[in-house]
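The values are calculated or read from the model by the stated rules, or taken from the named source; none is laboratory data. Nothing here was measured: the structure is a model prediction, and the numbers come from that model. Note that each Cβ is placed from the backbone with ideal geometry, even for glycine, and that neighbours are counted across all protein chains shown. Ligands, DNA and RNA are stripped out before the accessible areas are found, and what is left, the full protein with its side chains, is counted by its heavy atoms. Shrake-Rupley method; radii C 1.70, N 1.55, O 1.52, S 1.80 Å.
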Amino acid sequence: MNPFFFDSIPVTMPLGAIYRRLGYRRNATRLDAERQREIERYLGEAQELIRLQGTARRQPCRIEPPARVVLDEAVVFESRKLARFLKDAGEVIVMGSTGGAAIMEAIRADMAGGEGNAIRGVVLDAAASEIVDAALDWIMAYFRQILRREGKTLLTSRFSAGYGDFALENQRLIHQLLQMERLRVAITDTCLMVPEKSVTALTGVVALPTKEVREMFE
């Protein structure tokens, strides 16, 4: 099965998540008006710099307990936690998103000192991380709409290489499955993706609860 590419992903900026990443807490952290305006300006700049794209692939899967997740004979993941996570799934959605190179170039320039702006760099970094992650939420919502017509849905969460016993080395195979080079995302010898604001994950396709399927036809 070939991946499906999203050339542009229209996500709403996840302000709450960005501020939490920056260390601000509702009803606990107070921002003066000047700092608030500064952050909002940098968030606007982040949105202009990010080119949000994605890719996703729907694939049958088979669980071979206790630790094998088989997508096909050439694609086998070894992870007890992933196998447990996907235990009720007959298919998976493998997905990835990237914010592009421009945002990382700006972050590096700001963090480098000299004429850089470290505060701006921190805000851009937090915004890029959360926006790229929000793109995966958008991709999941896209597939839920399609799957609902089949009486299916997605698990509510997702699983990424590098989490638990799902080794980071699996990132190389996921990158290949998603053909992320078409989004100009490369992978290093240590299985890190470049541009760095790029993420991948898997989630399972499961049957909708009987009650929800019945309500669809009433």
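Taking the stretch 165-178 as the range and being surrounded by 14 or more Cβ atoms within 10 Å (Cβ to Cβ) and part of a loop (DSSP other than H, G, I, E, B) as the test, the residues that pass are Phe166, Ala167, Leu178.
Say we look at the stretch 134-152 and pick out the residues that are open to solvent by 30 Å² or more (accessible area, probe 1.4 Å) and touching a strand residue (DSSP E or B) at 6+ places or on another chain (Cβ under 6 Å); which of these is farthest from Thr203 (Cα to Cα)? So that I can check it myself, show each step before the final result.
Applying the first criterion (open to solvent by 30 Å² or more (accessible area, probe 1.4 Å)) to the stretch 134-152 yields 137-138, 141-142, 144-146, 148-150, 152.
From the residues that got through so far, the ones that are touching a strand residue (DSSP E or B) at 6+ places or on another chain (Cβ under 6 Å) too are 144, 152.
On the way: Arg144: 11, Lys152: 13 Å.
Of everything passing the filter in the stretch 134-152, Lys152 is farthest from Thr203 (Cα to Cα).
If you check every pair at least six apart or on different chains, which have Cβ atoms under 9 Å apart with a residue in the stretch 139-164 that is under 24 Å from Leu52 (Cβ atoms) and in a helix (DSSP H, G or I) first and a residue that is open to solvent by less than 50 Å² (accessible area, probe 1.4 Å) and modelled with pLDDT under 95 second? Pairs that qualify, where the first residue is under 24 Å from Leu52 (Cβ atoms) and in a helix (DSSP H, G or I) and the partner is open to solvent by less than 50 Å² (accessible area, probe 1.4 Å) and modelled with pLDDT under 95, are Leu147/Leu208. Let me confirm something: among Arg21, Arg35, Arg62, which residue is of a type in the set (Lys, Arg), more than 30 Å from Phe166 (Cα to Cα) and more than 15 Å from the chain's Cα centre (by Cα)? Answer to the check: Arg35.
Residues that are within 25 Å of Gln176 (Cβ to Cβ) and open to solvent by less than 30 Å² (accessible area, probe 1.4 Å) number at least 3 in the following strands (runs of 3 or more DSSP E) confined to the stretch 1-89: 53-60, 68-72. When the stretch 90-117 is limited to residues that are part of a loop (DSSP other than H, G, I, E, B) and out of contact with any helix residue (DSSP H, G or I) (no Cβ under 9 Å at 6 or more places or on another chain), the one that is modelled with the lowest pLDDT turns out to be Gly114.
Would you call Arg120 at pLDDT 95 or above and either open to solvent by 30 Å² or more (accessible area, probe 1.4 Å) or among the basic types (Lys, Arg) (or both)?
Numbers: at pLDDT 95 or above: no; either open to solvent by 30 Å² or more (accessible area, probe 1.4 Å) or among the basic types (Lys, Arg) (or both): yes.
Spelling it out, it is not the case that Arg120 is at pLDDT 95 or above and either open to solvent by 30 Å² or more (accessible area, probe 1.4 Å) or among the basic types (Lys, Arg) (or both).
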